[in-house]
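Here's the structure we're looking at; comments come further down.
The values are calculated or read from the model by the stated rules, or taken from the named source; none is laboratory data. Note that the coordinates shown come from a computational prediction; the quantities given were computed from them, not determined experimentally. Positions of Cβ are backbone-derived with ideal geometry, glycine not excepted, and every protein chain shown enters the neighbour counts. Only protein heavy atoms, including side chains, enter the accessible area calculation; ligands, DNA and RNA are left aside. Shrake-Rupley method; radii C 1.70, N 1.55, O 1.52, S 1.80 Å.
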Amino acid sequence: MGFYTSPSFFMASAFLVVPAAVLGLTGRSMRAYGMTASCLMMALLFAGNPQGLAALGVFLTIASLGAYAVHRSWCTEGGAKSLAVYRAALLSTIVPLVIYKVGAVFDRDLLGFIGISYITFKAVQVLIEMRDGLIERMDPLDYLYFLTFFATFTSGPIDRSRRFVEDIHAPRPRSDYADLLTRGVMMMFAGAAMQLVLATIARGFYDASCAPAGTLTLDALTMPVACREVLRAYGYAAYLFFDFAGYSLMAMGLGRCFGIAVPANFRAPYIAVDIKDFWNRWHITLSTWLRDFVFMRFVRMATKRKLFSSRLQTACAAYMVDMALMGAWHGLTVDYLAYGIYHGVLLAVTEIYQKRSSFHKRHRKEGWYKVASWFVTLQLVVLGFALFSGQVSGLIAAALG
């Protein structure tokens, strides 16, 4: 059963929401029921994939043991606060994802399962915040529920454990849950419309083999090859937004039905006026995760060790590391890595331009400048997605061949 793609998922979700709504509207806790529902949905997700289920079990075991070791070392009175324990736990939690990504390069499915990228980032967040003293205790069942909550398991958004645990334990008056449920149902319908209708039409535009009957396709238009490829890139950008934002909106809605206010993942990204603004609007939970746990920590480390001569150089290097990791997180392919490096360069150049350009400082608040900046940003974003999709590498290969 595919989450958010198959009719059986929506039927199962509707069936499971009813008891959740009854519990919520009568003011009772949904924590135990939510865990049970997630276990059931995990069983359905991996029903035809015992290898994936076994890999998930291995990961949960490794992550749980690592979290227990770090909690005992860093969060309990008299704990040793051992960096060796923390680093070993962090490494062991990340290793399955690395093995899976490397194996995928050679068409080998090693320790992989659907959702491994998202669950790894969530498990790593818990370890880091335990070490930082932000998490003082974590109930083992809450931890497993956080990692396996089915609404966000396969495609995010990437939630944070402290916020999640607060939600599942917070007493909610009937009126508050009723509002949450209403919003959740509306989000589910809106997300379904985006993902199942608008994304399908957008994909059909640039890929005629997927086009619904009666819709406009790129192949039906007569134009030069260069114009066709530009429109293909725009069509893919539209498809990617409607598809991913639709998934995220449905996950937010389903989470609210279970009393969990899953954070937003998109905020009108195509109206961004610069690349930094774009990443504050696109895949927000990923970009903020990378900001908090990669960018800021790299800046702190580089500043402490005086690796660079200025704050600007440090920030630019941090952007490159941050976005390179983002590309690798998607996959160890030329297209994904190029996408990450491309955005790292764009963010670094933007940082330099905004900090040093007197022209930018004089005109940044003027309407014409904002419109021009938006237009340039949109073209850069669409080009990035053409890298991401493999369109650029395909055109290069065709030209060389």
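From most to least packed by mean Cβ count within 10 Å, the peptides 117-123, 336-342 give 117-123, 336-342.
Can you bin region 328-401 into rounded, prolate or oblate? Criterion: square roots of the alpha carbon gyration tensor eigenvalues sorted a ≥ b ≥ c, rounded for a/c under 1.5, prolate for a/b above b/c, oblate for the rest.
Prolate is the answer for region 328-401, as a/c is 1.5 or above and a/b outweighs b/c.
Phi angles across region 196-211 convert, under the Karplus curve 6.51 cos²θ - 1.76 cosθ + 1.60 with θ = phi - 60°, into 3J(HN,Hα) values of 8, 10, 5, 5, 5, 5, 5, 5, x, 5, 9, 10, 4, 5, 9, 6 Hz, Gly and Pro given as x. What does the C-alpha gyration tensor say about the overall shape of the chain? Classify as rounded when a/c is under 1.5, otherwise prolate if a/b is larger than b/c, or oblate. Note, shape of the chain comes out oblate.
Averaging the inverse of every distinct alpha carbon separation and then flipping it gives the Kirkwood radius. What is it for region 1-71, in angstrom units?
Kirkwood hydrodynamic radius for region 1-71: 14.1 Å.
Applying a DSSP loop filter and a limit of 10 other Cβ atoms within 10 Å to the trypsin sites (Lys or Arg not before Pro) in region 316-398 leaves K365. Only protein atoms count toward the accessible area here, which uses a 1.4 Å probe; on the chain, the carbon and sulfur part of that area reaches 67 percent. Over the residues of the chain, the helix contribution to mean residue ellipticity at 222 nm works out to -23000 deg cm²/dmol, using -39500 (n - 2.57) for each DSSP H run of at least 4.
Report the FRET efficiency, 1/(1 + (r/R0)^6), for R311 and E136, where r is their Cβ-Cβ distance and R0 is 41 Å, rounded to 0.05. Efficiency for this residue pair is about 0.80.
Cross-link partners of K365 among lysines, defined as those whose alpha carbon lies under 19 angstrom from its own and excluding same-chain residues fewer than eight positions apart: K276, K355. Per-residue 3J(HN,Hα) values for region 40-55, derived from phi via the Karplus relation 6.51 cos²θ - 1.76 cosθ + 1.60 with θ = phi - 60°, read 5, 5, 5, 4, 5, 4, 9, 4, x, 9, x, 5, x, 5, 5, 5 Hz in sequence order (x marks Gly and Pro). Sorting C39, C75, C257 by accessible area puts them as C39, C75, C257; the probe is 1.4 Å, largest comes first, and only protein heavy atoms count.
Annotation: per residue accessible area for region 1-95 equals 52 Å², rounded to a whole number [probe 1.4 Å, protein chains only].
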